[in-house]
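Take a look at the structure below.
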There are 2 protein chains.
Amino acid sequence: MVLATLDLLRQAGWWNAGVNRVVGSSGAPKGSLYHYFPQGKQQLVTEALQQARDQVGARFRAIFGQRRSLQARVEDLFRFRAETLEADGYSRGCPVAAVTLDLSAESQGLQPLCAEILDFWRDAIAEGLGELPARQRKPVAQWILTTLEGALILARAHRDAGRLRQAGRLLGRAVQSLAEQTMQGR
Amino acid sequence: MVLATLDLLRQAGWWNAGVNRVVGSSGAPKGSLYHYFPQGKQQLVTEALQQARDQVGARFRAIFGQRRSLQARVEDLFRFRAETLEADGYSRGCPVAAVTLDLSAESQGLQPLCAEILDFWRDAIAEGLGELPARQRKPVAQWILTTLEGALILARAHRDAGRLRQAGRLLGRAVQSLAEQTMQGR
């Protein structure tokens, strides 16, 4: 049921992940939902977002942990995401972005979790930015995450994964030149 | 009613802009909604997004039409958006992003309009990038728009407009250095 919830969130946000839809797409009986998730939708969505936090965080660590140029690693992230978006027919975006843009009186309690996950992802990227001075790693990691979130929106709106690849190329070059300035400064 | 719809979209997306809520927050009688908008919600949302297209496009043109360095214009855009986001208590984001992340069977028909508006905005920014070679203007304008969309998500999730300002500084510097490379190449 957590996986079904995550999938519905990635498709169309908080409002799309109603309890009846989760039950319908997971195939589990409705009674078991309230047995395992006594707090209902809020709890299901929380666990789904936590799952995304760990999965996506591991992916960021794997990509930025590669022994390649910074530019190549940034481009790799955007290329990977372009391929997965194409593979699912432009239907699955970032669940944290989807929940953030759907925050209302009903779901406001999820805002701190969304913030925490974005920081977790930023830190997962920052760990792999060893060629930058320590004080630049988090801001640059956040810039990478920011651009990825924005590019996912444009790519979905245009149904064109090329928008992700293009953002990766421009950002990759810019971040590479920051790293080269650092090396020259040594 | 178009303004009320736009406001609801910016707060929490497609699902939030239900006909009853629009009627409730606009104060107009429900009968007049179907009189003026016989196709109901789809039509209302379409007109709300078109209004956002024109308003935001004019703002982009004003900011990028200024006689200041490219870096200053980029930073100005992000600073302006940080101030408006703070002023509304982090409750209003980009309506096109919100609709894009909520696209479902019910609202899929709005995808081409979302794509068209994003291109309209990209072109409004590109017009003001005269210091870049013509072939770079659209890609760089799209990079600016992409980063803005992403930064709006991070700033709302963190309830911290500083994330917008920081993105503007990093991007402003990167774009400025593209412009300087162009000038040196002449």
Using the Cα centre of the protein assembly as shown as origin and beta-carbon charges of +1 (Lys, Arg) and -1 (Asp, Glu), tell me which of B:PRO38, A:LEU33, A:TRP14 is placed farthest towards the positive end of the dipole.
A:TRP14
Assigning unit charges at the beta carbon (Lys, Arg +1; Asp, Glu -1) and nothing else, what dipole magnitude in debye, to the nearest 20, does the protein assembly as shown show about its Cα centre?
780
Roughly how big is the range B:1-82's charge dipole about its Cα centre, with Cβ charges of +1 (Lys, Arg) and -1 (Asp, Glu), in debye to the nearest 20?
260
Please state the charge dipole magnitude for the range B:11-144, taken about the Cα centre, from unit charges on C-beta atoms (+1 on K and R, -1 on D and E), reported in debye and rounded to the nearest 20.
220
Peptides A:68-75, A:23-30: what's the order by average Cβ count within 10 Å, highest mean first?
A:68-75, A:23-30
Would you please calculate the Kirkwood hydrodynamic radius of the range B:87-179 over all C-alpha pairs and express it in Å, rounded to one decimal?
14.6
Average partner coverage of A:6-14, which counts Cβ from other chains inside 10 Å:
4
Would the protein assembly as shown count as rounded, prolate or oblate if I go by the C-alpha gyration tensor, calling it rounded below 1.5 in a/c and otherwise prolate when a/b exceeds b/c, oblate otherwise?
oblate
Quick check: Cα centre of the range A:123-173 to Cα centre of the range B:165-186, how many Å?
17
Inside 10 Å of the C-beta atoms of A:137-143, what's the mean count of C-beta atoms belonging to other chains?
3
Under the definition of partner shielding as Cβ atoms of other protein chains within 10 Å of a residue Cβ, what is the mean value for peptide A:97-110?
6
In what order, largest first, do A:ASP123, B:ASP76 sit by accessible area if the probe radius is 1.4 Å?
A:ASP123, B:ASP76
From most to least accessible, 1.4 Å probe, no ligand or DNA/RNA atoms counted, A:THR46, B:THR100 line up as A:THR46, B:THR100
Please give the direction-averaged projected area of the C-alpha convex hull for chain A, in square nanometres with one decimal.
10.9
Roughly speaking, what is the stretch gain from A:GLN66 to A:ASP123, that is 0.36 nm per residue apart minus the C-alpha to C-alpha distance, in nm to one decimal?
18.9 nm
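The values are calculated or read from the model by the stated rules, or taken from the named source; none is laboratory data. This structure is a prediction, so every number in the text was calculated from the model and none was measured. With ideal geometry, Cβ positions are generated from the backbone for all residues, glycine too; neighbour counts draw on all protein chains shown. Note: accessible area is taken over every heavy atom of the protein model, side chains too, but ligands, DNA and RNA are not part of it. Shrake-Rupley method; radii C 1.70, N 1.55, O 1.52, S 1.80 Å.
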